[in-house]
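Here it is, the structure in full.
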Amino acid sequence: MSDVAIDHQPEPEERRDERELGRLGYAQELLRTIGGFSNFALSFSIISILTGAVTLYGYGLTMGGPAEMAFGWPLVTLFTLTVALSLAELASALPTAGAMYHWSSMLGGKSWGWFTAWFNIAGNITVLAGVDFGCAQFVTPLLGIDATPRNLLLVYAAILLSHALINIYGIRLVARLNDFSVTVHIVGVFAVIAALVIFAPKQPASFFFSHVTSNAQGWPYWWAFIVGLLQAQWTFTGYDASASVSEETVDPRRRAPWAIVMAVVVSGVVGYLLLIALTLAIKDIPSVLNAKDAAGNDVPAVIVILGSALGDRAGALFSALVAMAMWFCGLSSVTWCSRTVYAFSRDNGMPASRLWKRVNPKHLTPGPAIWLSVFLALLAAVYSGAYPVITSISVIGLYCSYVIPIFLRWRTRNSMSAHSRGPWHLGRCGGAINLIAMLWVLFITVILGSPDNMRAGKTIAAFGLLLGLWYFARERRHFLGPAWLEPGMDGQGGEEAMIERNTPL
């Protein structure tokens, strides 16, 4: 009897990813079709230099003048990269839709995870509100509609509705649109830069480094410059979205970390080139900051710059390109926000979790979580009143959720073995990078909570206090944490929590 050779076919990536997710106690419910480029495209689209850098350009110019762009942007890019590197390492170790919530639970226990999830959800919702409201500010005048508060709110609601419907009924379309969004952002940015460089009258290079401030509060320049860092820091939010779609990404242990880091690097370089072109095309700072439409409503600074530098028609064309990029950013933000809500609800961490964790059986998308995200974003814009306030809240909320797992990882780093990390890690430099990231987050939290009579800071503080009261009154006994968390493990992080299934593949 002859021996029969058995041909062992390599396990398909999708099957391996599904098996690994099953080890964490979760079934593969979401459609896993996102590749490496699409994963990068999601975070790059949410960072959206044509959203953050543009919608708050006037704010940065008011606070720190041209030097805010020259020095503030690279400063924020550099320190944000330490945060991104720290998150990327964690994304490789535990690739689930829960992202920061699961990482904090893994390293510190269910209490840390619960608070992380809520800060992240608050940040997600306010980012979505800031992005789509900024889009409404650009779209409304382009449609020839007076930018009254009522009209802005109606256009904003319509934009949110379009994003919700596409996310529910066309997740494959969302992936394709995210890929196309990268093209829009890259081509759009370089088209704007080329047009300004070739056709617009330009200031001398020294103008880009000039230190002026137009803040109405009478702050000294150094303080106004620091507060103006909000422009760049709000732009660099949302890159954790690559981790939030890990359960829909093929080979997420490698692809999600690279996507997080590259989204920050590419955005930093391309965004700086855009700021140089825009700033040198300014004819006169007061006219840019004080522009009004026919009805007396404020006009975004970038629309004024493009119109005065390229003419009304060309300016309107490029403004429409910017608005398109913002729309793509909002579409990605809904995807990102809803996955975070879905993941937390799957572990019964939210009120009415049974509803928010439902998945549409036909389209394989978390429909109720999508509608909840959109509705809360609408309410957030109504509450905030001032655009810088909602963006400050979003930055502080998100970075609080970022820094908690980074702190827990830093605290336990020396006690962990190689089995506790994924194939993408920081090695010996990890501790220093984590520490720099934590100090930066502490700095921006204090700074961005200060303006507008500390409205953003007070809002986040009140939110944290209410969370604390709610958790210790009820959720401490009822919330069990992620499915894979050891029973009774609360506040017990470290090596015990990093179980064998996190061994690099």
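The values are calculated or read from the model by the stated rules, or taken from the named source; none is laboratory data. Here the structure is a predicted model, which is why all the values come from computation and not from measurement. Note: ideal-geometry Cβ built from the backbone for every residue, glycine included; neighbour counts use all protein chains shown. Note: areas computed on protein heavy atoms with side chains; ligands, DNA, RNA excluded. Shrake-Rupley method; radii C 1.70, N 1.55, O 1.52, S 1.80 Å.
Enter the Cα centre distance for the pair segment 227-294 and segment 102-137, rounded to the nearest angstrom.
About 18 Å separates the Cα centre of segment 227-294 from the one of segment 102-137.
Rank Lys357, Lys110 by accessible area, highest first, at a 1.4 Å probe radius?
Values: Lys357 70, Lys110 30 Å².
Largest accessible area first, the residues go Lys357, Lys110.
On the first, second and third principal axes, largest extent first, how far apart are the outermost C-alpha atoms of segment 192-296 in Å?
Answer, in whole Å and largest first: 51, 37, 35 Å.
Counting only heavy atoms of the protein chains, get the accessible area per residue of segment 297-426 (1.4 Å probe) and round it to a whole Å² value.
Numbers: 4680 Å² over 130 residues.
Solvent-accessible surface per residue comes out at 36 Å².
Over segment 148-222, how many percent of alpha carbon pairs lie in each 10 Å bin up to the one with the longest distance?
14, 19, 25, 29, 13, 0
Let me ask something else about it. With contacts defined as alpha carbon pairs under 8 Å and 6 or more residues apart, what's the relative contact order of the chain in percent?
Values: 878 pairs, mean separation 163.7, N = 505.
Computed over the chain, the figure is 32 percent.
Evaluate the Kirkwood expression for the hydrodynamic radius of the chain, namely the inverse of the mean inverse distance over all pairs of different C-alpha atoms, and round to one decimal in Å. Before the final figure, lay out the partial values.
Details: mean 1/r = 0.0434 Å⁻¹.
23.1 Å is the Kirkwood radius here.
How would Cys429, Cys329 line up by accessible area, probe 1.4 Å, largest first? Walk me through the intermediate numbers first.
Numbers: Cys429 80, Cys329 0 Å².
Reading off the accessible areas and sorting them downward yields Cys429, Cys329.
Under the Karplus relation 6.51 cos²θ - 1.76 cosθ + 1.60, θ = phi - 60°, what is the ordered set of whole-Hz ³J(HN,Hα) values for segment 223-235, x standing for Gly and Pro?
6, 4, 4, 5, 5, x, 4, 3, 4, 6, 5, 5, 4
To continue, here is another question. Note down the relative contact order for segment 206-324 as a percent, whole number, built from C-alpha pairs under 8 angstrom at least six residues apart. Could you put the intermediate results ahead of the total?
Numbers: 65 pairs, mean separation 17.5, N = 119.
Value for segment 206-324: 15 percent.
For the charge dipole of the chain, defined by +1 on Lys and Arg C-beta atoms and -1 on Asp and Glu C-beta atoms about the Cα centroid, which residue among Gly481, Ala259, Cys135 has the Cα displaced farthest towards the positive pole?
It is Gly481.
Then there is this: Could you tell me what % of all Cα pairs in segment 61-163 have separations over 17 Å?
Values: 3682 of 5253 pairs.
The share of Cα pairs beyond 17 Å in segment 61-163 comes to 70 percent.
Accessible area of the chain with a 1.4 Å probe: how many percent of it is carbon plus sulfur?
Details: 12960 of 19670 Å².
Reported share for carbon and sulfur atoms: 66 percent.
How big is the convex hull of the Cα atoms of segment 129-182, per residue, in Å³?
Values: hull volume 4.5 nm³, N = 54.
Looking at segment 129-182, the number lands at 84 Å³ per residue.
Follow-up. Rolling a 1.4 angstrom probe over the protein chains, ignoring ligands and nucleic acids, what is the accessible area of Leu379 in square angstrom, nearest 10?
Leu379 has an accessible surface of roughly 90 Å² with all protein chains in place.
Hey, what's segment 81-152 come to in accessible area per residue, 1.4 Å probe, Å²? Provide the component values of the computation, followed by the final result.
On the way: 1470 Å² over 72 residues.
I get 20 Å² per residue for segment 81-152.
Checking the a/c ratio against 1.5 first, then a/b against b/c, what shape does the Cα gyration tensor give for segment 310-432?
Details: a/c = 2.02, a/b = 1.37, b/c = 1.48.
Here segment 310-432 falls in the oblate category.
If you don't mind, there's one more thing I want to ask. Using a Cα-Cα cut-off of under 28 Å, which lysines could be cross-linked to Lys458, ignoring same-chain neighbours fewer than 8 residues away?
Candidates past the 8-residue exclusion: Lys110.
Ordering Leu107, Leu466 by accessible area with a probe of 1.4 Å, largest first, what comes out?
Values: Leu107 0, Leu466 115 Å².
Ranked list, largest accessible area first: Leu466, Leu107.
For the chain, find the longest principal axis of its Cα atoms and tell me its angle to the long axis of helix 430-448, 0 to 90°, nearest 10.
Here the helix axis deviates by roughly 40 degrees.
Would you calculate a helix-derived [θ] at 222 nm for the chain, using -39,500 (n - 2.57) for each DSSP H run of n ≥ 4 and dividing by the full residue count, to the nearest 500?
Numbers: 21 runs with 331 residues, N = 505.
Dividing the helical sum by the residues of the chain leaves -21500 deg cm²/dmol.
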